[in-house]
Amino acid sequence: MMKTIKMVNILLLFTVMIWTLTGCLKNNGNILTSYGVGTIHVLENGTKYILFDQNNLKIKSNQIKEEWEAGGRIFTGFTINWDEQPSSTDTDNIYEANLNGTPDYFGLPKAFDTNPNGIWEQKFQTSDSLVNMTKPVITYPKNGPALLTIQTQMQFPNSGETYSLNLAQLKEYVIGTKSDTLLLVYQRSGTGMPTNYITPWYSFTLPDYPENINLIVRFKVKNNSFMPSDVNKKEGYYAFKTGYTVPSDENNN
């Protein structure tokens, strides 16, 4: 289905299929091979498992590394053999699986930045453009803030230079406003032309909005896998608009 996770990562920059754990049943009909983005969780007995964002599928594997901490985010392929499941699956609904390729563990979500003085707005105007970006997706994990997750390709700085990608809140949200704008800002040091690229995953925590609102994420990117809601050609940025729903039992993972 896929030769390596890294190859799939590049392809995913041009499709939104990553968000719908599409599986393949083999000829005997009892093996599922798929991939997706999820969160590391730990049972009381210390067993770690992955909870995938879009369908609440839970898998465990001896390939889940000790250093992958609870709450950490991961993109991985996996294979489940339905005929070779432990008896515990009947009670905890966690399936034994093999992780395919090289899982892309990208750690704990990054906190958003608050900036009531508008400094981020100034930085955004001169932010280096991202090369490619997938459609931002909002998920609502249990026992934690809502997350915005993307995969993006960016110019990797030359030796000795640095880079960062941050999600910035321009000002504190006021109840009743019903709309908030966040900036996705990529910056790298130095003036040289980078010779290669990286395609990392990122999850950012979102502000704890007290009500359902319209959320706008502004960013600069050369290519993307979706149709942005708005384009400002003069300033060279795009805007992705979506609805934010206050987390509840219905939409929590």
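The values are calculated or read from the model by the stated rules, or taken from the named source; none is laboratory data. Quick caveat: nothing in here was measured; it's all calculated off a predicted structure. Quick reminder, even Gly has a Cβ in these numbers, built from the backbone with ideal geometry, and neighbours come from all protein chains shown. When the accessible area is computed, the model is the full protein with side chains, heavy atoms only, and any ligands, DNA or RNA have been set aside. Shrake-Rupley method; radii C 1.70, N 1.55, O 1.52, S 1.80 Å.
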Original post:
What nm distance separates the two modelled labels at LYS241 and ASP208, each placed 7 Å from Cα along Cα→Cβ?
Top reply: 2.9 nm
Subject >> Additional length obtainable on full extension of the chain from ASP83 to SER189, 0.36 nm per residue less Cα span >> reply: 32.9 nm
Subject >> Local electrostatic count at ALA239 - Lys and Arg +1, Asp and Glu -1, tallied over other residues with Cβ under 9 Å >> reply: +1
Subject >> Convex hull per residue volume in Å³, alpha carbons only, for segment 109-246 >> reply: 118 Å³
**OP:** Subtract the Cα-Cα distance of ASN98 and LEU43 from 0.36 nm times their separation in residues, and report this length gain in nm to one decimal.
**Re:** 17.9 nm
Original post:
Does segment 33-144 come out rounded, prolate or oblate by the C-alpha gyration tensor, with a ≥ b ≥ c the root eigenvalues, rounded set by a/c under 1.5 and, if not, prolate when a/b is larger than b/c and oblate if not?
Top reply: prolate
Original post:
Considering only DSSP states other than H, G, I, E and B, which GluC sites (Glu not before Pro) in segment 129-231 qualify as loop sites with at most 11 other Cβ atoms within 10 Å?
Top reply: GLU172
Subject >> Mean-position separation - Cα centroids, segment 91-122 and segment 43-83, in angstrom >> reply: 14 Å
**OP:** May I ask you to evaluate 6.51 cos²θ - 1.76 cosθ + 1.60, the Karplus curve with θ = phi - 60°, for each residue of segment 130-141 and list the ³J(HN,Hα) values in order in whole Hz, giving x for glycine and proline?
**Re:** 6, 7, 9, 8, 7, 5, x, 10, 9, 10, 10, x
**OP:** Could you check how much of the accessible area of segment 73-123 is carbon and sulfur, as a whole percent, using a 1.4 Å probe?
**Re:** 46 percent
**OP:** Can you send over the solvent-accessible area of LYS110, 1.4 Å probe, protein chains only, in Å² to the nearest 10?
**Re:** 60 Å²
Original post:
ASP230 accessible area, nearest 10 Å², 1.4 Å probe?
Top reply: 70 Å²
Subject >> Global geometry of segment 93-185, whether rounded, prolate or oblate, following the gyration tensor of its Cα atoms and the 1.5 cut on a/c >> reply: oblate
**OP:** Multiply the residue gap between SER159 and ILE31 by 0.36 nm, knock off their C-alpha separation, and tell me the result in nm, one decimal place.
**Re:** 41.6 nm
Original post:
Using Cα pairs under 8 angstrom and six or more residues apart, how large is the relative contact order of segment 124-253, in percent?
Top reply: 31 percent
